[in-house]
Amino acid sequence: MLRCLVVDDEDYARKGLISLLRHFEEVEVVGEASNGYEAISKNKELAPDLIFLDIRMPQMSGLEVADIIMKEKGRTVIVFTTAYDEFAIKAFEVNAVDYLLKPISRSRLGQTIEKILRLNKEENQWHIKEIEEIVRELRKDEGYKSTKIYINEKDKIIVLNHSDIVYISSLDGYAYIITTKGNFKSRITLNSLEEQLNYPNFFRVHRSYLVNLDFIESIIPWYNATYALELTGVKEKIPVSRSKLNEFKDIMKI
């Protein structure tokens, strides 16, 4: 039995899909959500096997929801739903990730359910990797660029504006995000955060440091003929690695 959660900001679309799912005895709808924040909360509460997730939603898109859910390292399978994103469909087909094009037909839904039922635990992990690929692909499109990142804490989701982030460091499998509004710890990798931060002034000065260049107050000569950075409101000096030195100098015009 597949326990599923249906997520869509449009009530008629959500109710319509739930109605279709009642025709499949292999599926039990355990919950529904009308926005991204509610979806993340319901995912934690219900731990569904399957989420039908609308891509285009206000405030937090389905891609951003998927990002957060995947970082929790569960075995939930995500099937995206979309009304008109032809470019997205092409990307799904290339990456072999399932999707449902609205309006959703009962026969097409049946194909998706059959496919998911065939997945074993190892294939589930394959599916998660494919979803990560498709999220990266879709984020390349201008329409999906966001100016926020989302940090999943125990009882809430922290929403951070890119422009508020001073720097991010990586240590022992955690990302430490230093902002003008406080400091946060996340399991999101530094590579993933670098991909998400489309704010133009972020630069990876070191394999363990991603810096918002807007907050640089001074550049200090450092060990091995490199530099260290002093950032606004930060006591720690941030190193620039030798491998990044020439690129950094070009960007800063020094």
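The values are calculated or read from the model by the stated rules, or taken from the named source; none is laboratory data. Just so you know, these numbers come straight off a predicted model, no measurement behind them. Reconstructed Cβ throughout: ideal geometry from the backbone, glycine too, with neighbour counts over all protein chains shown. All accessible areas refer to the heavy atoms of the entire protein, side chains included, with ligands and DNA or RNA removed. Shrake-Rupley method; radii C 1.70, N 1.55, O 1.52, S 1.80 Å.
Being within 18 Å of Ile238 (Cβ to Cβ) and either modelled with pLDDT of 85 or more or surrounded by 16 or more Cβ atoms within 10 Å (Cβ to Cβ) (or both) holds for only one residue in Ser186, Ser192, Ser169, and it is Ser169.
Quick one: would you say Lys249 is in contact (Cβ under 8 Å) with a residue 40 or more places away in the chain and either out of contact with any helix residue (DSSP H, G or I) (no Cβ under 9 Å at 6 or more places or on another chain) or more than 29 Å from Glu64 (Cβ to Cβ) (or both)? In short, no. Those strands (runs of 3 or more DSSP E) of the stretch 23-84 in which 3 or more residues are of a type in the set (Val, Ile, Thr) and open to solvent by less than 40 Å² (accessible area, probe 1.4 Å) occupy 77-82.
To keep it simple, each residue is scored yes or no on (1) of a type in the set (A, V, I, L, M); (2) within 19 Å of Ile165 (Cβ to Cβ).
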| site | (1), (2) |
| --- | --- |
| His206 | no, yes |
| Leu213 | yes, yes |
| Ala225 | yes, no |
| Glu230 | no, yes |
| Gly233 | no, yes |
| Lys237 | no, yes |
| Lys244 | no, yes |
| Phe248 | no, yes |
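Close contacts from the stretch 204-222, counting a first residue that is closer than 18 Å to Tyr174 by Cβ and a second that is in a strand (DSSP E or B) and of a type in the set (D, E, K, R), with Cβ to Cβ under 7 Å and a gap of 6+ residues or different chains, come to Leu210/Arg204.
Filtering Ile149, Ile216 for residues that are closer than 28 Å to Arg56 by Cβ and either of a type in the set (A, V, I, L, M) or at pLDDT 90 or above (or both) leaves a single hit, Ile149.
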